[in-house]
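The values are calculated or read from the model by the stated rules, or taken from the named source; none is laboratory data. For clarity, every value in this text was computed on a predicted model and none was experimentally measured. Ideal geometry is used to build each Cβ from the backbone, glycine not excepted, and the neighbour counts take in all protein chains shown. Ligands, DNA and RNA are excluded from the accessible area calculation, which covers all protein heavy atoms including side chains. Shrake-Rupley method; radii C 1.70, N 1.55, O 1.52, S 1.80 Å.
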Amino acid sequence: MKTIIAAYSGVLRGTGANFLSAIQDLPSVPWPSKSKVEKQLQIISVMQWVLSFLVMGAVCTVGLLYLFFTDCWLIAALYIAWLVFDWNTPRQGGRRSSWVRNWTVWKYFRDYFPIRLIKTHTLLPSRNYIFGYHPHGIFCFGAFCNFGTEATGFSKKFPGICPHLATLAGNFRLPLLRDYLMSGGICPVNRNSMDYLLSHNGTGNAVVIVVGGAAESLECIPGKHSVTLKNRKGFVKLALQQGADLVPVYSFGENEVYKQIIFEEGSWGRYLQRKFQKLMGFAPCFFHGCGIFSTNSWGMVPYSKDINTVVGEPITVPKIESPSQDEVDLYHDMYVQSLLKLFDRYKVKFGLLETDTLALH
């Protein structure tokens, strides 16, 4: 401080040499490199999504209730009125925003892992599609980045196709979170919403369903390649009823970004997870990533692992208003074989061994 005062006094006296000398005596400040700044921005972008998914709905609900007991109660009342008026919007195509989907924050989100979208076949805008996304992972990072944003260039790779990522319907009952999700083109994973998108919204729509759901999230650990699919046939029946083509999608690396404690079947831990899943619609996973400042510490930040999402070949599906169980089983088998073929074709390219196989549960 004395050095700075002396330099300033020198300037007032017209002795610029004193000022230059004082500046040279100041300790140098180590500026972070561009790569370090970008890495921190990437971490921030990922964590804002993780925290939004985990706590945004609850925080906004509590905040809205709190406003009713303050001088700002009118704001809360107006939002509740809007919520009642807008209640059915998520089930009627939502309210996507190209501006939100193109936020720069999603590019940092993409580059943290990084996440890539691989196109294998052209999709016709004259058809509607149901994408089956595998595996679930903990937070479906690949599904969100590829289909809930434009960070990986979905619209450029699949022109004329409008993706709608389906997630838990309960998320759309929570204030502000529902609007945040809808801005990305995300919709509830319920029959009304998907029927509307596939039958009342023209063609060129792709509903993305994470087929394994909460049950699959309980099994995701690094190095494990398995999907919950054997008894998941509802999405195939929907495809037949709407005449929407089925498209298998597999994300290599989705299970690698977090480490999870797996409870054995029959244990108290697994029993409580199953009960919670049945009650709330999602399963409480006990997982960890790394810390914000060190990959050697534990924290909520996912590990920086490549996620490569491969969109497979579409399976042409006829429209059958009341498909029989045999017809559902037939197209389900076709879908399973197509997914296995997709996994085997790309597994070595994305770091797996030739002997690795995809297990179906």
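Summary of computed values
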| quantity | calculated |
| --- | --- |
| Within a Gaussian network of the chain (alpha carbon springs, distance under 10 Å), most fluctuating of Asn88, Asn128, Asn171 | Asn88 |
| Normalised contact order of the chain, rounded percent, pairs of Cα under 8 Å and 6 or more residues apart | 19 percent |
| HN-Hα J in Hz across the stretch 161-173 - Karplus 6.51, -1.76, 1.60, θ = phi - 60°, x for Gly and Pro | 10, 10, x, 10, 6, 9, 9, 3, 5, x, 4, 8, 9 |
| Net charge of neighbours whose Cβ lies under 12 Å from the Cβ of Thr316, counting Lys and Arg as +1 and Asp and Glu as -1 | 0 |
| Per residue accessible area of the stretch 274-341, 1.4 Å probe, in Å² | 60 Å² |
| Sparse-neighbour loop sites [trypsin sites (Lys or Arg not before Pro); the stretch 172-238; at most 12 other C-beta within 10 Å; DSSP] | Lys230 |
| Three-way shape label, the stretch 50-112, alpha-carbon gyration tensor, a/c 1.5 | oblate |
| Check: the chain dipole with +1 on Lys, Arg Cβ and -1 on Asp, Glu Cβ, in debye | 600 debye |
| DSSP-defined beta bridges in the chain - what % are antiparallel, rounded to 5 | 30 percent |
| 222 nm mean residue ellipticity, helices alone, for the chain (DSSP H n ≥ 4; -39,500 (n - 2.57); rounded to 500) | -12500 deg cm²/dmol |
| Cβ-defined net charge surrounding Leu342, 12 Å radius [Lys, Arg +1; Asp, Glu -1] | +2 |
| Above-threshold pairs, the threshold being 30 Å between Cα atoms, out of Lys119/Lys224; Lys107/Lys233; Lys156/Lys349; Lys119/Lys275; Lys305/Lys341 | Lys107/Lys233; Lys119/Lys275 |
| Virtual paramagnetic centre 7 Å along Cα→Cβ of Gln40, amide N under 18 Å, in the stretch 111-137 | 112 |
| Charge dipole magnitude, Cβ of K and R +1, D and E -1 - the stretch 81-213, Cα centre, debye nearest 20 | 220 debye |
| Cα gyration tensor shape of the stretch 156-204, rounded if a/c is under 1.5, else prolate or oblate by comparing a/b with b/c | oblate |
| Thr104/Phe350 FRET efficiency (R0 22 Å; Cβ-Cβ; nearest 0.05) | 0.20 |
| List Ile307, Ile320, Ile292, ordered by accessible area with a 1.4 Å probe, largest first | Ile292, Ile320, Ile307 |
| Sparse-neighbour loop sites [GluC sites (Glu not before Pro); the stretch 190-268; at most 14 other C-beta within 10 Å; DSSP] | Glu264, Glu265 |
| Accessible area of the stretch 243-361 belonging to carbon and sulfur atoms, whole % at 1.4 Å probe | 58 percent |
| Accessible carbon and sulfur surface of the stretch 100-227 relative to its total accessible area, %, 1.4 Å | 56 percent |
| For the stretch 238-361: rounded, prolate or oblate by the Cα gyration tensor [a/c cutoff 1.5] | oblate |
| In nm, spacing of pseudo-spin labels at Arg274 and Arg95 (7 Å Cα→C-beta vector) | 4.1 nm |
| Option label - Kirkwood radius over Cα pairs in Å computed here, alternatives (1) 22.9; (2) 23.5; (3) 20.9 | (1) |
| Within the stretch 281-361, GluC sites (Glu not before Pro) in DSSP loop having at most 12 other beta-carbon neighbours inside 10 Å | Glu321, Glu354 |
| Nitroxide proxy distance, nm - points 7 Å out along Cα→Cβ at Ser267 and Lys233 | 3.3 nm |
